[in-house]
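Let me begin by presenting the structure, written as structure tokens, before commenting on it.
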Amino acid sequence: MRRLFQFKGGVVLKEHKKDATALPVQPARLPPRLILPLKQHIGNPAEPVVAEGDKVLKGQLIARAGDAICAPLHASSSGTVIAITDQPVPHASGMSAPCIVIDTDGEERWRPREHHVDNFAELSAQELRGIIHDAGIVGLGGAGFPAAVKLDPGGRPVDTLILNGAECEPYITCDEMLLREHALEVLNGLLMMRHALHAKRCVIGIENNKPKAFRALCEAVRHSDADVEVVEVPTIYPAGSEKQLIQVLTGKEVPSGGLPLDIGIVCHNVGTAYAVYRAVELDQPLISRYVTIAGSVAHARNLEVLIGTPLGDLIEECGGNRDTLHRLIVGGPMMGTAMHSDVVPVVKGTNCVLVESTSHDVPLPSRDAYAMPCIRCGNCADACPANLLPQQMYWYARARDFDKIQDYNLFDCIECGCCDYVCPSQIPLVGYYRYAKSEIWNQEAEKRQADLARERHQFRDFRLEREKKERAERHKKKRSAVTQGGSDDKKAAIQAAMERVRAKKSEQDSTPKNTDNLTPAQQKAINDADQRREEKTATSPPDRPQ
Amino acid sequence: MTLQTPPSPHIHSGIHVSSLMLRVIAALIPAIICYTWFFGWGLIINSAIAMLTALASEALMLKLRKRPLKPFLGDGSAVLSALLLALCIPPLAPWWITVLGVAFALIVGKHLYGGLGYNPFNPAMVGYVMLLISFPLEMTRWMPPFILEQLEIGFIDTLGVIFFNHLPYGLSIDALSSATPLDAMKTDLGQNNTVSEITANNALFGDFAGTGWEWVGTWLLLGGMYLIYKRVISWQIPLAVIGSLFVISAFFFLMDPDTYPSPLFHIFGGATILAAFFIATDPVSASTTPKGRILYGIGIGIIIYVIRAWGSYPDAVAFAVLLMNMAAPTIDYYTQPRVYGHARGKD
């Protein structure tokens, strides 16, 4: 039995998981149109390799990964590419981004199989990562980091590979249903990941409110005789957050600003393991996933949804009314994002679609519109799993004191929403922290730009100075070359010229002057004049200026 | 169809400032009933005057500060401050004492600092200290338990005393009043009596602290426990206040039981329990980090004892709370908890 640890704080939430787990998972209806954003992952967007009008097959590569941190994209179904254009994507800002739009033909024709792997253990870690990368697999827990990158420890030792099946947010049950229905496949995917990482240990963490999923996993482990621990963890939100799950299972903390790999741990979501299994064993790229549809719908349930399916289609399929939508949340009620429209598609990281309509009574009690002042009750600090002081961070976020808020470790906030949930003043705390973070990022970007500009300016000054110096140097060299003489020819020429000048001078000296041939009388007159002048000079008073 | 797009989280526990305040008020009610049982209708009348004054002052200040009335008048904080102050005022104090104290507490102690959430000092204690310093005579006219009952002074008569300073049968207030147990203890100790001599001959001193007061304290303790159980207040501050007062008073009591009263007397006499659970725990003016709350509470416990034992006031709860209110921001700054993923021993 593994000794479990506790993370600090957290909140106990109403689960609301019963409804959507009553029905078995089935494939969602094929939508007439698929919208596939080129960027469904952390990193740069994929680059399209198809053009408008191209026919594509199910599973066919339609956009390739440009650089290291990127994931390729595949057609979720067969059909025709009708546009490669900006479409609304699931983002908090309601922004549009480049997407490949496919009109499906209803035939679901697969591309031919590209590889057969009989025994993944015979593949090298690099080959395995190659398959995973080519299948476009990203973290399915929501963050969407390319899985192949996270499966490459870069030579660093991996002690424990943790598979996250905690699923701590209310309403979301897609991982639970996946484990209940495909425990063996998830387990195989985990073993493939372990092979890629050369991890010593494997642990699957699962919240203790999913006994069926737990039993299914235990059964799968027993059946395949794999050396994998399946551990139930207490149901306290946010037990499914990577950092908190690591703490519960190992007692270790991920260093601030670091990665789990820094403490020899890699953490993946159970859905990712399933996608890895399908890519390696069945040669199926990531073109579908389990999605929970819950809230104001007649039949809350989980569906296997093709990536790119518009949310509106799912809402209709589950008996929801698109005309009376009030709030549409992608993800869970604690960390999910409210959408601006229901035309946005399901992407690789979409685990849940939470519908709230005006006509339907859904227990999503949201905070008051009017926030009272903070009374420093400290409920937020008690609830914070990162052990931050949210009340102080709020104070500095409001004051826009972004230095001070970083002293209070803003960037260790995981935005789990616990503080916000328990705040008696109903302050949208997480909104303030997100605002502060983005302001700081903007300031840093501006500062980088300013630094760059200053650097450029300084370099220009330096260059001008250097050129000036070089010019001066050149002049000096020239001058010294002239005075000291460069070559012997020059010296000789100068010498000759100077000789000539001297000769000419002596010649001039030898020419007769008007005082040369004087008569004695003339000579005497001159001598007398000279004497007079001298006498006059001598007798002149000394104070008189000469 | 316009979709709402607030930031996450999209659910809330439903807890409000007003629900916290109402719970604190509810926790005070048993003690108020007990107090009335021992000391008559005065507290009920004072509480009513205090609450009306509080709501009027709050409304006036909100109007002047151009803040919405409804959320703030309904948050219960003004009513709670009024009740806490009423509990600290002698039950037969004239009405204007209560009005002045509460108005000062809310206008100066709360709204001039920015209103709810911004006051560095506990408003009730600000009002109380102002009264104690400005009107020492009215503020020290306490009564022995059951005196009003013995004299058959009922509700209407009490109203007469509070509003018109009129007592039936030609009695004077001074004839009724007596010192509190803490006050009596202090005065008598000053006359070189031993603790056992003082308590032996005086009906003021009950079974373990002071007749009547010890039971009011017990009910306050139970109310406080309820608040901790309901997580309205945290356990650190009450435990630290009472714990530190217990340790320091036990130390001196064991050294010299003739000069220093027992820890029980210190804890149940006077306003210790009220302070520990209801006043020091006022979140706005208290320390807010877990370690900080303990330091803050210890500070209050020590200051209470120091002033009671060697200062010139018989009780010191208000001074102790205000002094530690001043220290709270500094305490908070130096007691930040270790954040997840940061090395132990460093920040």
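No lab work stands behind these numbers, since they all come straight from the coordinates. Since we're looking at a predicted model, the values are computed, not measured. A quick note on method: Cβ atoms are made from the backbone with ideal geometry, for glycine too, and the neighbour counts reach across all protein chains shown.
What order, most packed first, do the peptides A:321-331, B:75-85, A:298-308 have when packing is the mean number of other Cβ atoms within 10 Å of each residue?
Values: A:321-331: 20.5, B:75-85: 26.2, A:298-308: 22.8.
Descending packing order for the listed peptides: B:75-85, A:298-308, A:321-331.
Highest mean first, how do A:340-353, B:239-252 rank when packing is the count of other Cβ atoms within 10 Å averaged over residues?
Ranking, from highest mean packing down: A:340-353, B:239-252.
In degrees from 0 to 90, rounded to the nearest 10, what is the angle of the helix A:174-197 Cα long axis to the longest principal axis of chain A?
Helix A:174-197 sits roughly 50 degrees off the main axis of chain A.
Please name which of A:Leu13, A:Asn527, A:Cys174 has its Cα lying farthest along the dipole of chain A towards the positive end, using unit charges on Cβ (Lys, Arg +1; Asp, Glu -1) and the Cα centre as origin.
A:Asn527
Anything over 26 Å Cα to Cα? Flag those among A:Lys14/A:Lys243; A:Lys150/A:Lys348; A:Lys58/A:Lys348; B:Lys186/B:Lys230; A:Lys252/B:Lys291; A:Lys469/A:Lys490, in the order listed.
Going by Cα-Cα distance, B:Lys186/B:Lys230; A:Lys469/A:Lys490 fall outside the 26 Å limit.
What is the average number of partner chain Cβ atoms found within 10 Å of a Cβ in A:422-428?
Mean partner-chain Cβ count within 10 Å for A:422-428: 6.
Obtain the nm distance between the two label points defined at B:Thr187 and B:Trp96 by a simple spin-label model: each point lies 7 Å from its Cα along the Cα-to-C-beta direction.
2.6
Between A:Ala493 and A:Glu467, what FRET efficiency comes out of the Förster formula 1/(1 + (r/R0)^6) with R0 = 41 Å and r the beta carbon distance, rounded to 0.05? Provide the component values of the computation, followed by the final result.
Numbers: r = 34 Å, r/R0 = 0.83.
Working from the Cβ atoms, E equals 0.75.
Treating the angle as unsigned and between 0 and 90°, give the value, to the nearest 10°, between the Cα long axis of helix A:429-484 and the longest Cα principal axis of chain A.
Helix A:429-484 sits roughly 20 degrees off the main axis of chain A.
Where in region A:147-175 is the amide nitrogen less than 11 Å from a point lying 7 Å along the Cα-to-Cβ axis of A:His198?
The answer is A:153-158.
Enter the angle in degrees (range 0 to 90, nearest 10) between the Cα long axis of helix A:211-224 and the first principal axis of the Cα atoms of chain A, meaning the one along which they spread out most.
The answer is roughly 80 degrees.
Only four residue types carry charge here, +1 at the Cβ of Lys and Arg and -1 at the Cβ of Asp and Glu. Report the dipole size of the protein assembly as shown about the Cα centre in Debye, rounded to the nearest 20.
Dipole about the Cα centre, nearest 20: 3360 debye.
Residues in region B:303-340 near a label at B:Ser134, defined as backbone nitrogen under 14 Å from the 7 Å Cα→Cβ point?
none
Using a Gaussian network model on chain B with a 10 Å cutoff between Cα atoms, which of B:Trp96, B:Trp213, B:Trp41 fluctuates the most?
B:Trp96
Work out the length of the dipole vector of region B:204-332 about its Cα centre, built from +1 on the beta-carbon of each Lys and Arg and -1 on the beta-carbon of each Asp and Glu, and round it to the nearest 20 debye.
Using Cβ point charges on Lys, Arg, Asp and Glu, region B:204-332 gives about 460 debye.
Normalised by the number of residues in chain A, what is the relative contact order in percent for Cα pairs under 8 Å and 6+ residues apart?
Normalised by residue count, the contact order of chain A is 15 percent.
Roughly how many whole Å is it from the C-alpha centroid of region A:297-362 to that of region B:1-74?
Centre-to-centre (Cα) distance: 39 Å.
Nothing charged except the Cβ atoms of Lys and Arg (+1) and of Asp and Glu (-1): what's the magnitude of the dipole of region A:371-479 about its Cα centre? Round to the nearest 20 debye.
On the way: 21 positive and 17 negative charges, 327 e Å.
With Lys and Arg at +1 and Asp and Glu at -1, about 1560 debye.
In chain B, what is the volume of the convex hull around the alpha carbon atoms, normalised per residue and reported in Å³?
So the per-residue Cα hull volume is 163 Å³.
Could you check the simple spin-label distance between B:Lys230 and A:Thr85, using points 7 Å along Cα→Cβ, in nm with one decimal?
6.0
Looking at the square roots a ≥ b ≥ c of the eigenvalues of the Cα gyration tensor of region A:371-479, which shape do they give, rounded for a/c under 1.5, prolate if a/b is larger than b/c, or oblate?
prolate
Would you kindly calculate the translational diffusion coefficient of the protein assembly as shown, applying Stokes-Einstein with the Kirkwood radius from alpha carbon pairs, for 4 °C and a viscosity of 1.567 mPa s, and quote it in µm² s⁻¹ without decimals?
38
Kindly rank A:2-10, A:29-37, A:114-122 from highest to lowest mean number of other beta carbons found within 10 Å of each residue.
Descending packing order for the listed peptides: A:29-37, A:2-10, A:114-122.
Under the definition of Cα pairs under 8 Å and six or more residues apart, what whole-number percent is the relative contact order of chain B? The partial results should precede the final answer.
Working: 502 pairs, mean separation 59.9, N = 347.
Relative contact order, chain B: 17 percent.
For A:Ala369 and A:Asp401, FRET efficiency with R0 = 30 Å and r from the beta-carbon atoms, rounded to 0.05? Mind dumping the intermediate values first?
Values: r = 26 Å, r/R0 = 0.87.
Plugging the Cβ-Cβ distance into 1/(1 + (r/R0)^6) gives 0.70.
Over all alpha-carbon pairs in region B:50-102, figure out the percentage whose distance exceeds 16 Å. Show your work: numbers first, answer last.
Details: 541 of 1378 pairs.
Roughly 39 percent, once rounded to a whole number.
Considering the zone a paramagnetic label at A:His115 would reach in this model (a point 7 Å from Cα along the Cα-to-Cβ line), which residues of region A:261-304 have amide N under 17 Å from it?
A:273-287
Please report the base-10 log of the normalised intensity I(q)/I(0) for region B:16-177, using a Debye sum with one equal scatterer per alpha carbon and no solvent, at each q in 0.09, 0.16 (1/Å).
With one equal scatterer per Cα and no solvent, log10 I(q)/I(0) is -0.30, -0.87.
If I take every Cα pair under 8 Å that is 6 or more residues apart in region A:221-375, average their sequence separation and divide by the length, what percent do I get for the relative contact order?
Over region A:221-375, the number comes to 17 percent.
At 222 nm, what helix-only mean residue ellipticity would the protein assembly as shown give, in deg cm²/dmol to the nearest 500, using -39500 (n - 2.57) for each DSSP H run of four or more? Could the numbers behind the result be given before it?
Working: 31 runs with 410 residues, N = 893.
Rounded to the nearest 500, the figure is -14500 deg cm²/dmol.
Given labels modelled 7 Å from the Cα in the Cβ direction, how far is it in nm from A:Val343 to A:Ala51?
It is 2.7 nm.
To the nearest whole number, what is the average tally of beta carbon atoms from other chains within 10 Å of the beta carbons of peptide A:330-342?
Values: counts 0, 2, 4, 5, 4, 3, 3, 4, 7, 2, 4, 4, 2.
Across A:330-342, the average partner-chain Cβ count within 10 Å equals 3.
Connecting C-alpha atoms closer than 10 Å in a GNM of chain B, tell me which of B:Ala31, B:Ala200, B:Ala50 has the biggest fluctuation.
Of the options given, B:Ala200 has the highest mean-square fluctuation.
Summarise the partner chain shielding of B:107-118 as one whole number: the mean count of Cβ atoms from other chains within 10 Å of each residue's Cβ.
What the average comes to for B:107-118 is 2.
At R0 = 56 Å, how high is the FRET efficiency between B:Ala327 and A:Met95 if r is their beta carbon distance? Nearest 0.05 is fine. Mind dumping the intermediate values first?
Details: r = 49 Å, r/R0 = 0.87.
My answer for the efficiency is 0.70.
For region B:211-281 and region A:217-272, what is the centre-to-centre distance using only Cα atoms, to the nearest Å?
45
Please work out how much length the chain gains when fully extended from A:Ala445 to A:Ser359, using 0.36 nm per residue of separation minus the C-alpha to C-alpha distance, in nm with one decimal. Write down the numbers at each step before the final one.
Details: separation 86, 0.36 × 86 = 30.96 nm, distance 4.48 nm.
Residue separation times 0.36 nm, minus the Cα-Cα distance, leaves 26.5 nm.
Can you list which of the DSSP-assigned H helices in chain B have a Cα extent of 20 Å or more along the long axis and an average Kyte-Doolittle score of at least 0.5?
Span-like helices here: B:17-39, B:42-64, B:213-229, B:236-255, B:290-310, B:317-334.
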